[in-house]
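Trainee: Can you keep this structure in mind? I'll have questions shortly.
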Amino acid sequence: IPVEEFDLVIFGGTGDLARRKILPGLFRRFLSGQMPKGARIIGAARADMNSDGYRQMIRDAIAEFGGDEASETDCIERFLAQLHYIPVDAKGDGGWRELHALIRFKVINAFYFSVAPSLFGDLAECLHRFNIADESSRVVVEKPFGRDLTTAKELNATLAEHFDEGQIYRIDHYLGKETVQNLMAVRFGNVLFEPLWNNHYVDHIQITVAETVGVGGRGAYYDTSGAMRDMVQNHMMQLLCLIAMEAPSVFGADAVRDEKLKVIRALQGIEPHHIVRGQYAATDDVPSYRDDAENSKSHTESFIALRCEIANWRWAGVPFYLRTGKKLKARTSEIAVVFKDLGHSIFPGDEKRHRNILTIQLQPNEGMQLQVTIKEPGPGGMRLIDVPLDMTFADALGPEADDVPDAYERLIMDVIRGDQTLFMRGDEVEAAWAWTDPLIEGWQARGDVPKVYDQGSAGPEDAMMMLHREGRRWREIK
Ligand code: BG6
């Protein structure tokens, strides 16, 4: 279904995110027929270039990052014709009048701030000074949304000077992932899970986001951030919220975000022995984290595992184990809900622990698996084994499963539709930092040094031990 006519201005339109994600994503929406013919995309950045130069830059970007669709050459010319470029100076007057002249005020206007957060205030101020933005405009911002509570509050305050909360779209691209949205469909679209989704039946929950890539290429940025700020405060937190939140009364922006906020506010502090941080070591001629970060004394973590608890009636006493890291064994993201043991087995001689485990595989091989216990076939008596009830979406849905929009495509179209459900509200971001800050300050004060782990492993041994001590174990990363 095509969205309404729009003018989308991308500040930082020549930058990495614009070339890798935003424009190839818009091109795919164009191919799917969702982008109206009259829509305009206006790149704006410091570089001195005209619209033709910009079109060439984006043609190259789509060829490089656009996947198979990039070969649709006929279409690409029609798409590029909808692109424009204006050099603007965020800290001066240059370009703003030209931008004003290009914008059509009768259509939806959205401004994507794909720039350093330090420029948000300048851009917002210019947009108002030159009468380009008004109360119907939308503004899109990206992470990092601050590096702690203080800076996040400052950013929120800067944006609030110029825009209402209902105009601000804070992107966490995990929320745009089809399988992440599916978490809500699974939980709130089935009668099966809800009665078991609490501390009476759930033993613990594991959330793993493992990556095989290192930080090479962006080491300088990453070293000021680390896995806690880069992944846990935002993406992992969102996954945790969707798994743990109460059912909102309706799938709508404030109803969903109110429930997520309650989860974040109910998160407990964490004891030091429930946080394990790691850094990948060098192997043969492959550089270590410290080499990639170009900081031989770095104490920044490229891996983190932690155990947290949510203090409310539903979850009190249920550990949530989170882990994420770079240069691990495989690229995989999954959530496992591990149910409690049966109180009593009626099968003599069956001493093995049988557990139902619901695994939601977010990427790759999106799907769900439910581990169930059945009788081992054969004449050997009532011997039990665990087997998976397997639903890989590609099998269940056929080719449709491949045809899902990338997170950015989905989210940008939501901006145009004016739907904030999958965007973070200011208070949510602040609450997440309010939980994260003391943990980071704690390990800094203790002078904690990350444990070294081998590339291609599952992370430091201590992360394994954290669960072993409690008679549990991490699921294999594969
Ligand atoms: C980004 C982080 O937000 O998410 C990266 O800054 C990380 O460090 C990336 O690699 C992971 O996203 P995805 O979609 O590849 O799981």
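The values are calculated or read from the model by the stated rules, or taken from the named source; none is laboratory data. Just so it is clear, the model here is predicted, and its values are computed rather than measured. Please note: Cβ atoms are built from the backbone with ideal geometry, for glycine as well, and neighbour counts cover all protein chains shown. Remember, those area values only see protein heavy atoms, side chains included, never the ligands or the DNA or RNA. Shrake-Rupley method; radii C 1.70, N 1.55, O 1.52, S 1.80 Å.
Trainee: Here are some pairs, 327/451; 352/375; 326/451; 262/340; which of them have Cα atoms lying more than 18 Å apart in this structure?
Mentor: 262/340
Trainee: Any chance you could run the full-extension gain for residue 375 through residue 64? It's 0.36 nm times the residue separation minus the Cα-Cα distance, nm to one decimal.
Mentor: Gain on extension, residue 375 to residue 64, equals 106.8 nm.
Trainee: How would the range 324-478 be classified by its alpha-carbon gyration tensor: rounded, prolate or oblate, with rounded meaning a/c under 1.5 and the a/b versus b/c comparison settling the rest?
Mentor: It comes out oblate by the Cα gyration axes.
Trainee: A further question on this structure: Count charges around residue 8 for me, please; just the other residues with Cβ under 10 Å from its Cβ, Lys/Arg as +1, Asp/Glu as -1. Kindly include the intermediate steps, with their values, before the conclusion.
Mentor: Details: positive: 40, 138; negative: 7.
The answer is +1.
Trainee: Could you order the peptides 376-384, 98-106, 409-417 from most to least packed, using the average number of other C-beta atoms within 10 Å per residue?
Mentor: 409-417, 98-106, 376-384
Trainee: Give me the aspartates and glutamates in straight-line cross-link reach of residue 478: C-alpha distance below 20 Å, same-chain residues under 8 apart excluded.
Mentor: Counting by Cα, and skipping residues close in sequence, residue 478 has these aspartates and glutamates nearby: 211, 334, 366, 386, 390, 395, 454, 461, 462.
Trainee: Here's a follow-up. Quick check: net charge around residue 410, other residues with Cβ under 14 Å of its Cβ, Lys/Arg +1 and Asp/Glu -1? Write out the running numbers ahead of the final one.
Mentor: Details: positive: 21, 28, 29, 177, 417; negative: 172, 178, 403, 406, 409, 414, 419.
Counting the neighbours of residue 410, the net charge comes to -2.
Trainee: Let me ask something else about it. Under a cut-off of 19 Å between alpha-carbon atoms, report the lysines in cross-link reach of residue 21, not counting same-chain residues fewer than 8 places apart.
Mentor: Here the lysines satisfying the reach criterion relative to residue 21 are 143, 177.
Trainee: Which whole-angstrom value gives the distance between the alpha carbon centres of the range 429-469 and the range 38-62?
Mentor: Centre-to-centre (Cα) distance: 42 Å.
Trainee: Which whole-number percent is the relative contact order of the chain (Cα, under 8 Å, 6+ apart)?
Mentor: So the answer I get is 17 percent.
Trainee: Given the -39500 (n - 2.57) contribution per DSSP H run of 4+ residues, what per-residue ellipticity at 222 nm results for the chain, rounded to the nearest 500 deg cm²/dmol?
Mentor: It lands at -9000 deg cm²/dmol.
Trainee: For the range 246-339, what's the relative contact order in percent, using C-alpha pairs closer than 8 Å and at least 6 residues apart?
Mentor: 23 percent.
Trainee: If you roll a 1.4 Å probe over the chain with all protein chains in place, what percent of the accessible area is carbon or sulfur?
Mentor: Working: 10990 of 21500 Å².
Whole-percent figure for carbon plus sulfur exposure: 51.
Trainee: Sticking with the crude label model, points 7 Å out along Cα→Cβ, report the distance from residue 98 to residue 403 in nm, one decimal please.
Mentor: 4.1
Trainee: How large is the charge dipole for the range 6-142, taken about the Cα centre, if only the Cβ atoms of Lys, Arg (+1) and Asp, Glu (-1) carry charge, to the nearest 20 debye?
Mentor: So the magnitude is around 300 debye.
Trainee: Given a Förster radius of 41 Å and the C-beta distance between residue 472 and residue 31 as r, what FRET efficiency does 1/(1 + (r/R0)^6) yield to the nearest 0.05?
Mentor: Calculated value: 0.30.
Trainee: With a probe of 1.4 Å, find how much accessible area the chain has per residue, and write the answer as a whole number in Å².
Mentor: Here the residues of the chain average 45 Å² of exposed surface.
Trainee: Something else now. Using a Förster distance of 22 Å, how high is the FRET efficiency between residue 313 and residue 255, based on the Cβ-Cβ distance and rounded to 0.05? Kindly include the intermediate steps, with their values, before the conclusion.
Mentor: Working: r = 20 Å, r/R0 = 0.90.
Efficiency at R0 = 22 Å is approximately 0.65.
Trainee: Could you tell me which residue out of 156, 204, 444 lies farthest along the dipole of the chain toward its positive end? Charges go on the beta carbon: Lys and Arg +1, Asp and Glu -1, centred on the Cα centre.
Mentor: About the Cα centre, the residue reaching furthest to the positive side is 204.
Trainee: Let me ask something else. Please list, or write none, the lysines whose alpha carbon is within less than 16 Å of the alpha carbon of residue 37, excluding same-chain residues fewer than 8 places away.
Mentor: Counting by Cα, and skipping residues close in sequence, residue 37 has these lysines nearby: 106.
Trainee: Follow-up question, since we're still on this one. Figure the gain on full extension for residue 445 and residue 286 (residue separation times 0.36 nm, minus the Cα-Cα span) and round it to one decimal in nm. Before the final figure, lay out the partial values.
Mentor: Details: separation 159, 0.36 × 159 = 57.24 nm, distance 3.17 nm.
Result for the pair: 54.1 nm of gain on full extension.
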